[in-house]
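*Asks:* Let me begin by handing over the structure; questions about it come next.
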């Protein structure tokens with residue numbers, strides 16, 4: 001889940017890291033990994049650098065909701081196309097993500113009510129990214145915030161399709177501290193996957209270094225999303241490496257606090 005810039009990031013994940021079933025198997029039918037291997041040895045990590053491709057941003061000519069929806073819809077197509085290739089390399093089943101925009105918090109979704117103060121969420125139940133379009137977003141229409149936010153939520157879609165989400169959700173929680181530890185790895189990984197995609201299309205964007213610096217520096221420390229410096233680290237790491245293998249936060253021994 002992503003909030004407006006400079007607000008504390010928050011999200012929901014019921015899971016437990018490094019405890020649970022010892023088995024590390026791959027379903028022969030679906031080919032999606034299960035057990036701890038889904039977190040630390042996922043096939044998506046072995047797919048190499050994302051292919052450089054063109055993904056031009058549509059200009060948002062007005063502050064109308066329709067104009068922003070068109071911008072996000074075109075970007076979602078780029079995300080679906082890029083990650084479809086990556087999943088083919090991993091020999092994993094792929095399904096496109098959907099987009100739904102909402103005009104206010106509290107509206108009903110397949111994952112409950114749209115949270116207060118959230119800008120966007122990913123609902124794994126129907127594989128839909130829900131994006132709040134309201135007047136609070138107006139100051140950020142020209143920045144890279146919309147782009148990075150959608151790419152981050154798509155990172156959660158990647159986690160869902162590759163088995164990461166289901167394994168993380170499958171283990172019982174014992175302490176809030178343990179919950180937060182896994183949640184940080186989960187969210188920081190989505191940041192890194194976002195950066196990998198942005199890096200793969202960067203040359204086709206009419207953006208400056210300052211645009212990336214802005215989204216790199218928007219986060220504040222959060223017990224569930226990590227320190228701001230670690231958000232910046234993983235986003236930048238993904239951007240520079242362009243490889244999902246650089247985003248294995250579940251095996252990382254540092255930068256996950």
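Bear in mind these aren't lab numbers, they're just calculated from the coordinates by the rules spelled out. Being a predicted model, the structure only gives us computed values, none of them experimental. We place every Cβ from the backbone using ideal geometry, glycine too, and count neighbours over all the protein chains shown.
*Asks:* Looking at the stretch 2-247, send over the antiparallel percent of its DSSP beta bridges, to the nearest 5.
*Replies:* Numbers: 10 of 15 bridges.
Of the beta bridges lying entirely in the stretch 2-247, close to 65 percent run antiparallel.
*Asks:* For a test of the definition: using alpha carbon positions, the gyration tensor, and the 1.5 limit on a/c, classify the stretch 2-247 as rounded, prolate or oblate. Don't jump to the answer; show the numbers that get you there.
*Replies:* On the way: a/c = 1.56, a/b = 1.30, b/c = 1.19.
The shape class here is prolate.
*Asks:* Report the Cα centroid-to-centroid distance between the stretch 158-204 and the stretch 36-51 in angstrom, as an integer.
*Replies:* 12 Å
*Asks:* If you don't mind, there's one more thing I want to ask. Taking neighbour counts of Cβ atoms within 10 Å as a proxy for exposure, in what order, fewest first, do 60, 129 appear?
*Replies:* In order of increasing Cβ crowding within 10 Å: 60, 129.
*Asks:* Spin-label point model (7 Å from Cα, Cβ direction): what's the residue 204 to residue 98 distance in nm?
*Replies:* Calculated label separation equals 2.6 nm.
*Asks:* Could you list 171, 202 so that the one with the fewest beta carbons within 10 Å of its beta carbon is first and the one with the most is last?
*Replies:* 202, 171
*Asks:* Whole angstrom only: what separates the Cα centroid of the stretch 54-82 from the Cα centroid of the stretch 206-257?
*Replies:* Answer, in whole Å: 23.
*Asks:* Treating the angle as unsigned and between 0 and 90°, give the value, to the nearest 10°, between the Cα long axis of helix 176-201 and the longest Cα principal axis of the chain.
*Replies:* Result, in degrees: 50.
*Asks:* Using only Cα atoms, tell me the angle between helix 228-241 and the longest principal axis of the chain; keep it within 0 to 90° and round to the nearest 10.
*Replies:* 90 degrees
*Asks:* Ranked highest first by average number of other Cβ atoms within 10 Å, how do 38-49, 232-243 line up?
*Replies:* Going from most to least packed, we get 232-243, 38-49.
*Asks:* Restricting the count to DSSP beta bridges whose residues both fall in the stretch 29-138, what percent are antiparallel, rounded to a multiple of 5?
*Replies:* For the stretch 29-138, the DSSP antiparallel bridge percentage is about 55.
*Asks:* Sticking with this one: How large is the helix-only mean residue ellipticity at 222 nm for the chain, computed as the sum of -39500 (n - 2.57) over DSSP H runs with n ≥ 4, divided by its residue count, in deg cm²/dmol to the nearest 500?
*Replies:* The helix contribution divided over the chain gives -13000 deg cm²/dmol.
*Asks:* Going by how many other Cβ atoms sit within 10 Å of their own, how do 156, 61 line up, fewest first?
*Replies:* Details: 156 29, 61 9.
Starting with the residue having the fewest Cβ neighbours, the order is 61, 156.
*Asks:* Report the extension gain between residue 107 and residue 126 in nm, rounded to one decimal, defined as 0.36 nm multiplied by the number of residues separating them, less their alpha carbon distance.
*Replies:* On the way: separation 19, 0.36 × 19 = 6.84 nm, distance 1.58 nm.
Using 0.36 nm per residue and subtracting the Cα-Cα distance, I get 5.3 nm.
*Asks:* Roughly what % of DSSP beta bridges within the stretch 96-142 run antiparallel, to the nearest 5?
*Replies:* The answer is about 55 percent antiparallel.
*Asks:* Here is a follow-up. Testing the spin-label approximation: label points 7 Å from Cα along Cα→Cβ at residue 84 and residue 31. State their distance in nm.
*Replies:* 1.6 nm
*Asks:* Here is a further query. Give me the extension gain from residue 169 to residue 53: residue separation times 0.36 nm, minus the current Cα-Cα distance, reported in nm with one decimal. The partial results should precede the final answer.
*Replies:* Numbers: separation 116, 0.36 × 116 = 41.76 nm, distance 3.34 nm.
The span from residue 169 to residue 53 would gain 38.4 nm if fully extended.
*Asks:* Enter the angle in degrees (range 0 to 90, nearest 10) between the Cα long axis of helix 145-161 and the first principal axis of the Cα atoms of the chain, meaning the one along which they spread out most.
*Replies:* Once rounded, one gets 30 degrees.
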